[in-house]
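Data first, discussion second: the structure below is written as structure tokens.
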Amino acid sequence: MKFKSKRLAILLSLTLALGLVLTGCGGQPTASQQPADKATGDKVKVAFVYVGPVGDAGWSYAHDQARKYLEKEMPNVETSVVESVPEGADAERVLTELATKGNKIIFATSFGYMDYVIKVAQKFPDVTFLHCSGYKTAPNVGTYFGRIYQARYLSGLAAGKQTQSNVIGYVAAMPIPEVIRGINAFTLGVREVNPSAIVKVVWTNTWYDPAKEKDAAKSLLDAGADVIAQHQDTPAPMQAAEEKGKFGVGYNTDMSSFAPKAVLTGPVWNWGPYYVKTVKAVMDKSWKPEQYWGPMSDNIVDLAPYGPMVSDDTKALIAKKKESIVKGEWDVFTGPIKDQSGQVKVQEGTKMTDKEMLEFNWFVQGVDGTIPK
């Protein structure tokens, strides 16, 4: 009996040691994927799908900073990420996998995921899906975005004040209403302080392609632009401006660290508080499938810090306009507004409806460019 007991003890020890070795050799999950602490109960699993890499310094980076904010504010939440997911059929596969892995909330953070979100959501009625920048909802699907056009208008004021050539370049992503709306808001800001300036648009049909976006910026600089604006996820257009000794208006995040001599400011996102509020609502069952479009007063959108080249007069002008926007006294697309041909599209004293803004398919006066069909 002693021999058998001793042998059994040895076998148990070897089994335990082998288990420890195998555990040590296996790949460890990232901090955001650590399993729930059984002592504190299971965590709510929340997933994020990004169109670009987390390191893009722009759109996906801003969402990922907000994801980290969510984890910090809500320790009972466990998050995971799938990055660089194309806006195509692969999105459906990724969304399906995330739903089958037990994620109760899935944030799909790019416009092109819209139809795939709706399709997958039908198969997983117990999962809540949030789609960023889209317009389709379902019983378990909501949309969310911010009125970034308000911050774009303010950045246009800075650009209009800074230009000497009266030519401002705009590196544009995709010809969708969101991008068109941003170009128009920016141009209205430029022309508010500099009616002689024009905004030249070059389309790249990319969200994340540093080389292509930089080349587009260079072409605008060669065409006489001395300020470059953008609607892409990388700081490449800002770097092109700095290399030419010109100026730029970034997007998504503060891009001044990539081109400190060029960046005036830029519209930026602050998704964190929205993510916390939404996850809490889903968990306490107060969430409803709304179409959220948050204004500057919600702090979801703002301007990046000003570069040293922005004058105090310009800062004061922007602060005054921002105050009227935040208070709800005025908004960007308030008439009179003319299109490129000079036709009045929004009458004086009239403000465009949300539906009209969400369906933008024309450029305002002052834009030099066309919208691809």
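Would you please name the residue that is nearest to residue 165 (Cα to Cα), looking only at residues in the stretch 212-256 that are hydroxyl-bearing (Ser, Thr, Tyr) and more than 16 Å from the chain's Cα centre (by Cα)? The selected residue is 219. The strands (runs of 3 or more DSSP E) falling completely within the stretch 256-354 that include 1 or more residues that are touching a Lys or Arg at 6+ places or on another chain (Cβ under 7 Å) and under 30 Å from residue 72 (Cα atoms) map to 267-269, 291-294, 301-303.
Pairs linking a residue in the stretch 321-335 that is assigned by TED's automatic domain parsing to the domain that holds residue 192 and modelled with pLDDT of 95 or more to a residue that is in a loop (DSSP other than H, G, I, E, B) and of a type in the set (D, E, K, R), with Cβ atoms under 8 Å and 6 or more positions apart or on different chains, are 325/331. Among the residues of the stretch 223-247, how many are touching a residue at least 24 places away in the same chain (Cβ under 8 Å) and within 17 Å of residue 310 (Cβ to Cβ)? Total meeting the criteria: 8. For the stretch 100-119, the set of residues classified as in contact with a Phe, Trp or Tyr (Cβ under 9 Å, 6 or more places away or on another chain) and under 13 Å from residue 130 (Cβ atoms) consists of 105, 106, 107, 108, 109, 110, 114, 117, 118, listed by residue number. It is to be established whether one or more residues within the stretch 73-91 are of a type in the set (A, V, I, L, M, F, W, C), in contact with a His (Cβ under 6 Å, 6 or more places away or on another chain), in a strand (DSSP E or B) and not assigned by TED's automatic domain parsing to the domain that holds residue 233. Checking the stretch 73-91: not a single residue is of a type in the set (A, V, I, L, M, F, W, C), in contact with a His (Cβ under 6 Å, 6 or more places away or on another chain), in a strand (DSSP E or B) and not assigned by TED's automatic domain parsing to the domain that holds residue 233. Looking across the stretch 263-277, the residues that are in contact with a helix residue (DSSP H, G or I) (Cβ under 7 Å, 6 or more places away or on another chain) and farther than 13 Å from residue 230 by Cα come down to 269, 271, 272, 275, 276. Does residue 158 qualify as being within 25 Å of residue 361 (Cβ to Cβ), hydrophobic (A, V, I, L, M, F, W, C) and outside any loop (DSSP other than H, G, I, E, B)? No. Any residue in the stretch 124-135 that is over 16 Å from the mean Cα position of the chain (by Cα), among the aliphatic types (A, V, I, L, M) and assigned to a loop (DSSP other than H, G, I, E, B)? For the stretch 124-135, residues over 16 Å from the mean Cα position of the chain (by Cα), among the aliphatic types (A, V, I, L, M) and assigned to a loop (DSSP other than H, G, I, E, B): present. State yes or no: is residue 169 among the small types (Gly, Ala, Ser), surrounded by 24 or more Cβ atoms within 10 Å (Cβ to Cβ) and outside any helix (DSSP H, G or I)? Here the answer is yes, as residue 169 does meet what is asked.
The values are calculated or read from the model by the stated rules, or taken from the named source; none is laboratory data. All values reported here derive from a predicted model rather than from experimental measurement. Cβ sites come from the backbone with ideal geometry, for glycine too, and all protein chains shown count toward neighbours.
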